[in-house]
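Asks: Here's a structure for you.
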Amino acid sequence: MALLSTEIGIAMDLFEQNQQRLTEAEAPLAARMRPRSLDDFIGQTAIIGPGKLLRRAIQADQLSSLIFYGPPGTGKTTLARVIANTTMAQFVAINAVLGGVKDIRAAIDLAQTHRGQQGRRTILFVDEVHRFNKAQQDALLPWVENGTVILIGATTENPFFEVNKALVSRSRVFQLKPLEASDLRLIVQQALSDETRGYGDRNVQIDEDAIAHLVNVANGDARTVLNALELAVETTPADQNDDIHITLAVAEDSIQQRAVLYDKEGDAHFDTISAFIKSVRGSDPDAALYWLAKMVYAGEDPRYIFRRLVILAGEDVGMADPNAVVVVTGCAAAFDRVGMPEGRYPLAQATLYLATAPKSNSVMAFFDALAAVQQEKEADVPNAMRDATRDKKGFGHGAGYLYPHAYRDHWVAQQYLPTSLQGQLFYQPSDQGYEGNIQMQVARKREAQLAGLVESNLEQSLPEALTYGPDNSQQDRWLQRATGVLGTQLGEVRDRIFTLLSPQRHHVLLDLNASTGLLTWEAIRRVPEGGVYSCARTHQAYSALVQQSAMLSELNRPVVVEVDENNNAQKNTPRPALFDSSVFDGVMFDGIMFDGIVGRNALMAMADKRDATRQLKSLLHANGKIVLAESVPKRAQRLSELLDPTQVDPGLYEQLCDAESHLFNNPKDPMINWDTTDLQHSFETVGFVCQIETTEFSTEVLVTSTLLERWLGTGGKYCDRLTHQGLNAADITCIQAHFMQQLQNQTVSWKRSIAFVQTVLP
């Protein structure tokens, strides 16, 4: 029967306690040095660092079932034990290979006993959880679902492929990465200094190059580096001064050559071939050769590599170099003829040929055609395209077919597609390699083909365009929505921000101006293992965000911070710095530094942008990034540009242009008096490296009487600003009349300029 171990809450007699102490004392160094708390745990800050989802869940004692996935020696078992210690739960461990249904039932019985007698939960740790069979799963699942046990599984294989789907669906998956070199160094120093569990009671001297060698060869595996250190210390005799000196030579004898992490049945296999294919596709011959060498060194079947290269030749090189598939299949045939080791030459040649070849995936057009076939299942073959050898006399099949070779350039325009698909384009030639040479030819032939199609259908009348909207109180809003593309543009802005930010799953992000939550909800999707904080600039926005967040689980909700500016506004004082220290002191952020800060129009109205950027700097992690999208007022649409100047009194039109020009340069109006140079200067002055890219957006806007009233009506902000620039009421009235005459019920192109700001600390 497999070993069933329990570590907390079991009463022992003196003999059992002594036996346990002896076992712990004789355990390998790697086992003795296991951390016992979160603060002692080294590495994996991406998932258990300050503010991360898993750490918050552990500290709040709100754990659900978990699966830890990662290479050996990354701390999966250790983290499970730390969780049990931190949450004061009963800890039971079994191995999915060695433990059977009987062991699972014994663990369940023990969990029920502790829950009933002591009110304590039980964590069931299952090592190699991907090896669970159906009987084991059936015995465990009901007790996981009813909360009798909290499952923590550990696996070196991708759980989404290798672990039973029923277990994965009931668990949150966390990926543990190989430890950094700095983490391994810290582990070595910890083992050498610990007098109770390590070698702190011995005079161990280890050379720097010996530590560097152990860390390097361990390749991110804490167990490997501790095992090697233990072997070095235990096999090295002390000198006359009772010192144990670990040199580079001793370290080299204590650890073997770094093994290539490569299991043909596991993740390393698929990850490596993926890296290889992506390097070839990305035209990086150096990376392609590296991954190829790793696969060959690990014993990968070269024929498997050749199969993947043949696929790539068609999928990713394709028509940019039609000879690519010929070269690769030729190299594959050469390999079959000569075998290994000489077969490495054609293998490398095929790799280099594809890595340096022009790329095109235009053959993917086949799948567009396949989709059309699935949709148009009964589309008839055009009569001219039908087989004339069987039914030409009876049904006229093939009649009207034009033989291309009988025409100039061996081509003639005629109907090849079914009638229902006329004008449909599947193949889109790229501008790469061979396709670049035929691109123009294909385009010209298509133009002629489509011209013929249009000409043959001129007699068909086109339907009238819809020219009216619903007659109700929301008509103006409906019309603007119907003709505008603001929603699409906002989506583009959001996607651009997160593309520039490139957050990782474990990052902690701050949305500076949450408003509708456009960036906040996207941030939650992008950092499922991290955290999201949102600033609401009004109480209304704050309430809406909190209400919408309530639909999410507690651990996935953003932390919403209200920054209410109304009090300052009522006092006619300048808008406060959005990031005033009083806002963020105390429990709001609890000392969290952000990996990424995003915002849309977060700084545009700030009078002192330098002060705002300085405060942003205090919130940003050293390796963090700020990405903002700010509408640039000095490049915004001018109303005067919408009018036809020839239809307006020259003097009045000049007055309007001058007023708008002065308006956007008013030093007392921080809302509209700045440009991208001002924004860049604000960031660079406080020490940021700043890049700004400006994108022009154009929106079709229907000029209604309601909209004109908002622009130029008495009491409107824009009208007030124009008045302050010298235009009197009579001028405004006259200008409004011109707008009514020229633009009412007309659609105009409204220009907006958005600056995408990227900043990092040097």
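We did not get these values from a lab; they are worked out from the coordinates using the rules stated. Just so you know, these numbers come straight off a predicted model, no measurement behind them. Glycine also receives a Cβ, built like all others from the backbone with ideal geometry; neighbour counts cover every protein chain displayed.
Asks: Short version: ³J(HN,Hα) in whole Hz for each residue of the stretch 175-181, in order, from phi by Karplus 6.51 cos²θ - 1.76 cosθ + 1.60 (θ = phi - 60°), x for Gly and Pro, what are they?
Replies: For the stretch 175-181, the Karplus-derived couplings read 9, 9, 9, x, 5, 6, 4 Hz, x marking Gly and Pro.
Asks: Find, to one decimal place in angstroms, the Kirkwood hydrodynamic radius of the stretch 5-175, where the mean of 1/r is taken over every pair of different Cα atoms and then inverted.
Replies: The Cα-based Kirkwood calculation yields 16.6 Å.
Asks: Now for a different question. Which of the residue pairs K76/K134; K294/K625; K76/K625 have a Cα-Cα distance greater than 28 Å in the structure shown?
Replies: From K76/K134; K294/K625; K76/K625, over 28 Å: K294/K625; K76/K625.
Asks: A follow-up question, please. Name all residues of the stretch 722-762 having a backbone nitrogen under 20 Å from the label point set 7 Å from the Cα of Q647 along its Cα→Cβ direction, giving them as ranges.
Replies: The answer is 731-751, whose backbone nitrogens lie closer than 20 Å to the label point.
Asks: Tell me the Rg and the Dmax, in Å, that the Cα atoms of the stretch 591-654 produce.
Replies: When restricted to the Cα atoms of the stretch 591-654, Rg and Dmax are 19.7, 62 Å.
Asks: At 7 Å along the Cα-to-beta-carbon direction for both A181 and N203, put a label point, then send me their distance in nm to one decimal.
Replies: 3.2
Asks: What number in nm² do you get for the stretch 181-254 if you take the convex hull of its Cα atoms and divide its surface by four?
Replies: Over all viewing directions, the stretch 181-254 projects a mean Cα-hull area of 4.3 nm².
Asks: A follow-up question, please. Using the Cα centre as the reference, give the magnitude of the dipole from point charges on the C-beta atoms of the stretch 267-359 (Lys, Arg: +1; Asp, Glu: -1; all else neutral), rounded to the nearest 20 debye.
Replies: Roughly 120 debye, rounded to the nearest 20.
Asks: Would you mind pulling out the separation of the Cα centroids of the stretch 487-560 and the stretch 58-103, in Å?
Replies: 32
Asks: Further, regarding this structure: Place the peptides 229-241, 521-533 in order of packing, highest mean first, counting for every residue the other Cβ atoms within 10 Å and averaging per peptide.
Replies: 521-533, 229-241
Asks: Per 0.36 nm of contour for each residue apart, how much would the distance between T706 and I311 grow if the chain were fully extended, relative to their Cα-Cα spacing?
Replies: Extending this stretch completely gives an extra 136.2 nm.
Asks: Highest first, please rank the peptides 749-757, 199-207 by the mean number of other Cβ atoms sitting within 10 Å of their residues.
Replies: Peptide ranking by packing, descending: 749-757, 199-207.
Asks: Provide the FRET efficiency to the nearest 0.05 for the S283-D431 pair, computing r from the beta carbons and using R0 = 22 Å.
Replies: Given R0 = 22 Å and the Cβ-Cβ separation, E is 0.90.
Asks: Go through 158-164, 319-325 and give me the packing order, highest mean Cβ count within 10 Å leading.
Replies: 319-325, 158-164
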